[in-house]
Amino acid sequence: MNILQIEPAFLLSGGTNQVVLNTRELIKRGHKVYLATLKNSYAYRQLDSFCEIIEIDEDNSLTSKTIRNFLQKEHIDIIHTYHPKGHAVGLKSVSFAKKEKLVVQRGVIFTPQNLFKYLNPKIDAYVANAKAVERSLRKIFISKKKIHIIYSAIDEKSLEIVDKKTARDYLGLDGFVFGVIANYSTYKGHDLLLDAFAISKLNAKLALIGKDTHSLLDKCKTLGISDKVKIYGLIENAGKYMSAFDCLVIPSLKEALSNVIIEAFFRKVPVIGTKVGGIPELLENNRGILAEPTKESLLKALNKAYQTKDNSFIDNAYQFAINNLTIQKKIDKLEKLYGRLILQ
């Protein structure tokens, strides 16, 4: 198959990382993959030596023109767009009489504002990375037949492994450690977790890794837990230090599918997560500890993780990851979807 992926995001994110993983595995399987992205973007730098790059512009109209010119010269079977901007560009780049099949990636659960952009008949399929995302698309009356659930994935072999002692030495941690790896924002639930942790009185530490987490220093002082909370800010490739944690916490108030949970499954780190978005899909069936997004429920979850001697959910989570969340399993499903679309 000849596949064009459109990824206009410049920085590293869960979505851009999926583009990189998808591209490498598709090429490994013999497909011809092109990538339309910004010069020197994360995806550009990771894939420049793997596939042909079509350099695009910040301006949607200029980018659409570039892609239209490309499509006139090259035979493309599948156009797979990522990011809302990529979605818009994809629609502008193809005609209603198009021969290419247009696939739109969706990995967020908020309701779209521009409904025509999502109900546009040019779109042949949506790839939702969680059942929760599928539900959000169904709310705006997108046909269930057009939506295909394919979970995000990880290339397990590429995970950088750091043992627990080395990770703890690097981060300066000891004792029982809860950890969060997430850039600070109101919907990521850092404040809620700090409130729960403050009243827990557990003999434990809380490590916060992520951009802008230093903005929580004042709150920690107010709650009287500065001596128990370590804030690191942004750390490159932070997941490799996850082994320092006795338990990863995802206290989100809104979330589609959490890539950091998937990574924790492969690294065999226990997880607490809130019952929002796609988190329950990952942690149900005794693959982790679920909590309501409230201070009281998170407190119970922290206590349970601290006290439990039952580690069966670690094995359950790892087995689920091996069976469902490897890049090989994901591309198996993408290939089948692409093949069906081409035959339509």
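Just so it is clear, none of the values below were taken in a lab; they were calculated from the coordinates. Everything quoted here is computed from the prediction, not taken from an experiment. A quick note on method: Cβ atoms are made from the backbone with ideal geometry, for glycine too, and the neighbour counts reach across all protein chains shown.
Could you work out the local net charge near Phe50, counting Lys and Arg as +1, Asp and Glu as -1, over the other residues with Cβ closer than 10 Å to its Cβ?
Cβ neighbours under 10 Å give a net charge of 0.
Between the helical axis of 83-93 and the dominant principal axis of the chain, each derived from Cα atoms, what acute angle in degrees is found, rounded to the nearest 10?
0
What is the angle, in °, between the Cα long axis of helix 14-28 and the longest principal axis of the Cα atoms in the chain? Nearest 10 is fine, range 0 to 90.
60
Among Lys188, Lys333, Lys139, which comes first, then next, by fewest other beta-carbon atoms within 10 Å?
Ordered from fewest to most neighbouring Cβ atoms within 10 Å, Lys188, Lys333, Lys139 come out as Lys139, Lys333, Lys188.
Less than 21 Å apart at the alpha-carbon level, and either on another chain or at least 8 residues along: which lysines does that give for Lys146?
Lys85, Lys92, Lys98, Lys99, Lys101, Lys117, Lys122, Lys131, Lys329, Lys330, Lys333, Lys336
Name the residues whose placed amide hydrogens come within less than 5 Å of the amide hydrogen of Ala207, ignoring near sequence neighbours (fewer than 5 apart) on the same chain.
Hits under the 5 Å cutoff: Phe178, Gly179, Val180, Lys230.
Please work out the ratio of the alpha-carbon Rg of the range 99-169 to 2.2 N^0.38 Å and round it to two decimals.
Rounded to two decimals, the normalised Rg is 1.58.
Count charges around Leu334 for me, please; just the other residues with Cβ under 12 Å from its Cβ, Lys/Arg as +1, Asp/Glu as -1.
With Lys, Arg at +1 and Asp, Glu at -1, the net is +3.
Can you pull the Rg over Rh of the range 17-133, Cα-only, Kirkwood?
0.94
P(r) for the range 162-239: what percent of alpha-carbon pairs falls in each 10 Å bin, starting at zero?
Pair shares across the bins are 18, 55, 26, 1.
Test of understanding: express the Cα radius of gyration of the range 120-266 as a ratio to 2.2 N^0.38 Å, with N the residue count.
After normalising by residue count via 2.2 N^0.38 Å, the value is 1.25.
Count charges around Tyr187 for me, please; just the other residues with Cβ under 11 Å from its Cβ, Lys/Arg as +1, Asp/Glu as -1.
Here the charged neighbours net out to 0.
Sort Met1, Met242 so the one with the fewest other Cβ atoms within 10 Å of its own Cβ comes first.
Neighbour counts put them in this order, fewest first: Met1, Met242.
Using Cβ contacts closer than 10 Å as the measure, can you line up Tyr187, Tyr241 from fewest to most?
Fewest-to-most Cβ neighbours within 10 Å comes out as Tyr187, Tyr241.
For the chain, what does -39500 (n - 2.57) per DSSP helix run (n ≥ 4), summed and divided by total residues, give at 222 nm, in deg cm²/dmol to the nearest 500?
-12000 deg cm²/dmol
Hey, which lysines would be in cross-link range of Lys221, C-alpha to C-alpha under 18 Å, not counting anything within fewer than 8 residues on its own chain?
Partners within reach: Lys201, Lys205, Lys230.
Taking the mean number of other Cβ atoms within 10 Å as a proxy for protection, how do you rank 144-157, 222-235 from highest to lowest?
Averaged packing, sorted descending, gives the order 144-157, 222-235.
From Cα pairs below 8 angstrom and at least 6 apart in sequence, can you work out the relative contact order of the chain, rounded to a whole percent?
Result for the chain is 14 percent.
Pop out the Kirkwood hydrodynamic radius of the chain from its pairwise C-alpha distances, inverse of mean 1/r, in Å to one decimal.
21.2
Against the longest alpha carbon principal axis of the chain, how many degrees, from 0 to 90 and to the nearest 10, is the axis of helix 312-324 turned?
10
What residues from the range 308-344 fall in the zone where the backbone N is under 13 Å from a label point 7 Å along the Cα-to-C-beta line of Arg29?
Hits in the range 308-344 for Arg29 at 13 Å: 326-341.
What is the Cα centroid distance between the range 5-31 and the range 300-338, reported in whole angstrom?
So the two Cα centres are separated by 22 Å.
Can you give the percent of C-alpha pairs in the range 217-343 whose distance is more than 18 Å?
So the pairs more than 18 Å apart make up 62 percent of the total in the range 217-343.
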